[in-house]
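Worksheet: the structure to be examined is printed underneath.
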Amino acid sequence: MLFKRGATISAAEGGCMAEVGVACAMAAAGFAATMGAPPRIITQAAEIGIEHSLGLTCDPLDGLVQVPCIERNSLGAVKAITAGQLAMASDGTFSVSLDEAIAAMKVTAADMSVKYKETSLSGLATSVRIPLTSPAC
C-alpha cells in the first residue's frame, strides 16, 4: 500500500519502475524479514530495491509482455536478494529513506514520457525486432 498510495504500481503510470521496481522492493523486504532483520532494516531493504529501479522504462517488444519483461523480473529477483543483503550488512546508517524513495518514484513517474509507459512507442520496442514465432524446422 505504501507504493500504491505514495506513487504507483502501474506500468501505465510509471513504467517498469512501478511493476518490477515495486516487486523488487517487496521481495527485498520479505527476504530481509525471513532472515530475521528488524523493521528498520526491512524498510531499508525495500528502499534499496526501489532506489535502483527508479526510471526503469516499460517498452515491451511488439507490445507483448515477454521481452524484456521476463528478464527484467528475473533480474529484479536477484536485485531483491542483493538489496536485502546490503541492508542487513549495513551499520544501520542510511542516506535515503523508503519514504524519500517513494516520493522520488512519484516525481519520476510524472516526469517520464508516455512513450516509456507500456505503449511500445520507444526504447527497445522500436529498436529491436525479433520473430515472435518459431522458424520452421
Next on the checklist: What are the ³J(HN,Hα) couplings of the stretch 79-93, residue after residue, when phi is run through the Karplus curve with 6.51, -1.76, 1.60 and θ = phi - 60°? Round to Hz, x for glycine and proline.
Outcome noted: 4, 5, 5, 4, 4, x, 5, 4, 4, 5, 7, 6, 8, x, 9
Next on the checklist: For the stretch 1-60, place one equal point scatterer on every Cα, skip the solvent, and apply the Debye formula. What is log10 of I(q)/I(0) at q = 0.21, 0.26, 0.29, 0.30 Å⁻¹?
Outcome noted: -0.73, -0.98, -1.11, -1.15
Item to check | Probe 1.4 Å, protein heavy atoms only - accessible area per residue of the stretch 1-114 in square angstrom | outcome: 51 Å²
Checklist entry - Once label points are set 7 Å from the Cα along Cα→Cβ at both Lys106 and Asn73, what is their separation, rounded to one decimal in nm? => result 2.8 nm
Next on the checklist: Below 11 angstrom from the Cβ of Ala109, what's the summed charge of the other residues (Lys, Arg +1; Asp, Glu -1)?
Outcome noted: 0
Checklist entry - How high is the relative contact order of the chain, given as a whole-number percent (alpha carbon pairs under 8 Å, six or more residues apart)? => result 35 percent
Item to check | Angle between the chain longest axis and helix 98-111 axis [Cα atoms, degrees, rounded to 10] | outcome: 30 degrees
Checklist entry - For Ser127 and Ser113 in the same chain, what is the full-extension length gain: residue separation times 0.36 nm, less their Cα-Cα distance, in nm? => result 3.4 nm
Item to check | Assigned charges on the beta-carbon of Lys, Arg, Asp, Glu; the chain dipole about Cα centre (debye) | outcome: 160 debye
Next on the checklist: Can you give me the angle between helix 39-51 and the longest principal axis of the chain, using Cα atoms only, in degrees from 0 to 90, rounded to the nearest 10?
Outcome noted: 30 degrees
Checklist entry - Using the Kirkwood formula over every pair of different C-alpha atoms, what hydrodynamic radius in Å results for the chain? => result 15.4 Å
Checklist outcome for this item: Of the accessible area of the chain, computed with a 1.4 Å probe and all protein chains kept, carbon and sulfur make up a percent value of 61 percent
Next on the checklist: Need one word for the stretch 70-131: rounded, prolate or oblate. Basis is the Cα gyration tensor (sqrt eigenvalues a ≥ b ≥ c); a/c below 1.5 gives rounded, then a/b vs b/c decides.
Outcome noted: oblate
Item to check | Distance in nm between pseudo-label sites at Asp91 and Leu2 (7 Å out along the Cβ direction from Cα) | outcome: 2.4 nm
Item to check | Where chymotrypsin sites (Phe, Trp or Tyr not before Pro) fall in DSSP loop in the stretch 1-109, at most 16 other Cβ within 10 Å | outcome: Phe94
Item to check | Packing-based ranking, highest mean first, of 36-49, 8-21 given that Cβ atoms within 10 Å are counted | outcome: 8-21, 36-49
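The values are calculated or read from the model by the stated rules, or taken from the named source; none is laboratory data. Please read these numbers as outputs of a predicted model, since none were measured by experiment. Neighbour counts are summed over all protein chains in view; Cβ atoms, including those assigned to glycine, are modelled from backbone coordinates with ideal geometry. Calculation scope for accessible area: heavy atoms of the full protein, side chains included, ligands and nucleic acids excluded. Shrake-Rupley method; radii C 1.70, N 1.55, O 1.52, S 1.80 Å.
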